[in-house]
Amino acid sequence: MSRRPQHSAPPDKKGQARRSDPSLPRHGGSPPASGSGASPPPAGSSPAPDTGSPARSGRSSPADNGSPPRSTSASPARSGRSGYKRPVQSPDAETVMLPSYKKTEADAPEQPVPAAAGSPVLTEEEPDPSTRVLVIPRGKHGPARVSESSSRRKWISRAVLAAILCVQAALSLRMHNTAFEDEALYLYSGHLEIAHWLHGAALQGNYATYFSGAPALYPVLGAVADTVGGLAAARAVSLVAMLATTGLLYSLTRRLFNERVGLCAAVIFSVTESAIYLGHLATYDAPALFLLALGTWIVVRTAAFRWPVYLLATPVVALAVASKYASLLFVPTIVALTALAAWPYRGRLALIPPFAFTVALGGLLAGAVYQAGPSYLRGIDFTTTNRFLGNTPTSLLLKDSAQWGALAFVLAVIGAVAYAWKPQTESGERIALPGGRFRRIALGVVLTGTALLAPADQIHLHTLTALQKHVGFGLFFAAPMAGVGLARIIGDHFRRAQVGIAIWGGALVLGMVQANNLFNAWPNSTVFTRDMARYLQPHARYLVEVDEVPIYYLRGHADAQPLQFTSTYYIGYTDPQGQFLTGNAGYLAAIKAGYFRVIAYNFQTTPAVDQVIARAVRTSPHYRLAAAIPNGNHTVTQYIWVRTNAAAAKM
């Protein structure tokens with residue numbers, strides 16, 4: 001049997017050349033490229049029947065008929081098939097099956113016929129086509145449903161993110177002041193905790209009953225850093241935590257949307273008052289926010305996984321709540337994200353993670369409270385769940401909340417509305433699977449609404465305490481939608497880039513000014529601490545308005561132990577007659593008896609009590625004014641009264 005010419009096709013019954021149908025989709029259903037000489041049939045129409053193509057039946061291998069194997073360079077023609085429709089591809093499909101065509105005996109070749117120029121040819125080297133199965137490449141833990149960004153795009157985005165983080169770090173590090181009372185309290189209590197663990201030293205206070213976070217967590221971490229490099233090192237821990245929070249915000253926003261939205265979210269959040277202020281404050285707020293951000297990132301990152309990997313976030317979130325009890329306010333948002341982030345990938349199965357996550361987290365927290373003991377439970381009740389009511393008017397709370405977070409919140413509202421209406425900023429934009437409109441609306445409401453949780457809670461309690469810090473927690477969760485809003489304002493192809501720059505500039509100025517004002521709100525204690533050290537005596541008593549600051553700075557002195565100090569928040573004094581007195585009566589009786597060696601106040605933290613103390617010392621023969629120390633901007637004056645030697649001799 002002679003071999004057919006290489007460039008010929010077997011004729012059909014009528015002697016016509018048999019050619020592959022150019023309208024047949026190949027390799028995943030893609031139509032032929034333009035210029036191939038053929039075009040696909042219109043959707044829903046039937047192609048003209050190929051009367052020259054024989055019906056194909058029976059399938060024989062090249063080994064059976066003695067023919068050499070045929071190449072697979074072309075697809076077979078379809079004979080007499082009407083009603084053909086192009087296979088529909090689903091972006092969520094893992095496998096696409098294309099139709100097969102049967103081979104009949106009529107396909108037996110008669111004689112070689114030269115193929116028309118430019119036409120694809122089916123030769124003897126081609127195997128018979130069968131049902132084609134197109135398997136979409138799979139990711140490490142599931143189908144790669146969203147195409148990855150190019151390497152160049154990734155590196156450019158990372159470079160921009162690095163620049164954003166550098167600006168954020170510079171904005172935080174430019175602020176200077178001595179230790180805030182909360183910083184001093186947590187750091188010196190951390191030193192006492194370490195001494196208690198290592199040497200069995202007394203704690204000199206049951207901190208678990210009134211700390212708003214576990215005293216065995218951040219205070220110890222801050223004290224270790226303070227031992228290594230002082231207050232600057234302790235503040236550096238917070239800076240690293242806030243920079244990592246911004247980085248995680250970019251990463252999770254990129255996975256919820258894309259790189260552009262992630263950068264917009266990071267650039268807005270990084271210049272908010274809370275991000276700048278918390279990045280240079282040695283308290284547990286920055287580490288707690290970082291842990292919440294890490295838990296949220298894990299939930300979003302593992303949303304498409306088949307296995308419940310999202311449960312890895314539960315110990316992280318539990319640690320955040322233990323570090324700062326108020327973090328519990330934002331846990332429902334993370335629970336909701338376990339469903340919203342997974343919905344485009346898993347459909348109704350995404351309703352399972354919220355329940356599993358809640359049960360696992362609840363079990364961890366319940367076990368932690370049980371192991372910690374009743375003192376921790378009292379602390380949680382006192383500082384969080386049953387917090388005392390204040391008297392701050394609602395109008396002031398609304399004003400401060402708007403001042404610290406209105407711009408980012410407005411951008412988040414714009415982003416939520418725009419995303420619900422249309423998921424993409426421009427045609428052809430690469431973006432994560434958006435899901436249906438209901439899912440997009442729910443995602444916008446959950447993320448944007450979280451920014452209102454802290455102000456609503458503080459308005460309920462009528463207290464301004466820590467509002468400037470708690471606002472930042474809500475803004476972190478609203479930042480992804482704020483990134484969508486800023487991206488939509490800038491528009492496709494950076495059409496309105498100047499508007500976006502103006503918005504960022506306004507946010508930058510507001511954040512810088514607000515953070516700087518907050519950081520300079522407390523008086524510089526350098527001179528006060530130096531003067532205070534001159535009047536230390538063994539077993540002496542000191543009444544100081546903010547006693548945490550001198551305790552922290554003077555902790556190396558044997559005559560400045562925490563139990564020697566009394567603050568203007570509370571006093572428990574027993575007079576010579578054995579009567580136990582508290583409040584103003586206690587302060588007045590102690591001053592009258594010359595109980596304190598040093599009395600210091602500044603009319604800032606507890607002005608009402610300070611007025612009572614000031615009147616008492618001015619009329620008391622036991623005390624003299626030793627110093628009046630103004631702070632840097634002369635807005636606060638620290639008054640120091642010292643007991644006279646004559647009064648001390650009578651004691």
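Coordinate-derived values only; no laboratory data. Since the structure is predicted, the reported quantities are computational estimates derived from the model, not experimental observations. Neighbour counts are summed over all protein chains in view; Cβ atoms, including those assigned to glycine, are modelled from backbone coordinates with ideal geometry.
Quick notes on this one:
- Once the C-beta distance of Leu351 and Arg174 is scaled by a Förster radius of 60 Å, the resulting FRET efficiency is 0.80 to the nearest 0.05.
- Phi to ³J(HN,Hα) by Karplus 6.51 cos²θ - 1.76 cosθ + 1.60 over the range 216-231, Hz, x for Gly, Pro: 8, 9, 4, x, 5, 4, x, 5, 4, 5, 5, 5, 6, x, x, 4
- Length gained on full extension, Lys422 to Asp381, computed as 0.36 nm times the residue gap minus the Cα-Cα distance: 10.3 nm.
- Rounded to the nearest Hz, the phi-derived 3J(HN,Hα) couplings of the range 158-174 under the Karplus curve 6.51 cos²θ - 1.76 cosθ + 1.60 (θ = phi - 60°) are 5, 5, 5, 4, 4, 5, 4, 5, 5, 5, 4, 5, 5, 5, 6, 6, 6, where x marks glycine and proline.
- Each label point was placed 7 Å from the Cα along the Cα-to-Cβ direction; for Leu389 and Gln579 their separation is 3.2 nm.
- Exposure proxy shown here: for Leu329, Leu377, the number of other Cβ atoms within 10 Å sets the order, fewest to most, as Leu377, Leu329.
- As a rough footprinting exposure proxy, the listed residues Val484, Val309 were ranked by other beta carbons within 10 Å of their own, and the order from fewest upward is Val309, Val484.
- Full extension of the chain between Arg624 and Thr358 yields a length gain of 89.7 nm, computed as 0.36 nm times the residue separation minus the alpha carbon distance.
- Per-residue HN-Hα couplings for the range 288-303 [Karplus 6.51, -1.76, 1.60; θ = phi - 60°; Hz; x = Gly/Pro]: 5, 5, 4, 5, 4, 5, 5, x, 5, 4, 4, 4, 6, 5, 9, 4
- Charge sum, other residues only, whose C-beta stays under 14 Å from Ala521's C-beta, Lys/Arg counted +1 and Asp/Glu -1: -4
- With K and R counted +1 and D and E -1, the other residues having a Cβ less than 15 Å from that of Gln403 yield a net charge of 0.
- Compactness of the range 204-258 was expressed as the Cα radius of gyration divided by 2.2 N^0.38 Å, which yields 1.56.
- Around Ala195: net Lys/Arg minus Asp/Glu count, Cβ-Cβ under 14 Å: -1
- Over the range 179-519, all Cα pairs binned in 10 Å intervals from 0 give whole-percent P(r) values of 6, 25, 33, 24, 10, 2, 0, listed from short to long.
- Sorted ascending by nearby beta carbons within 10 Å, beginning with the fewest, His191, His280, His176 become His176, His191, His280.
- Long-range amide H partners of Ala626 with built H, under 5 Å: Ile640, Trp641, Val642
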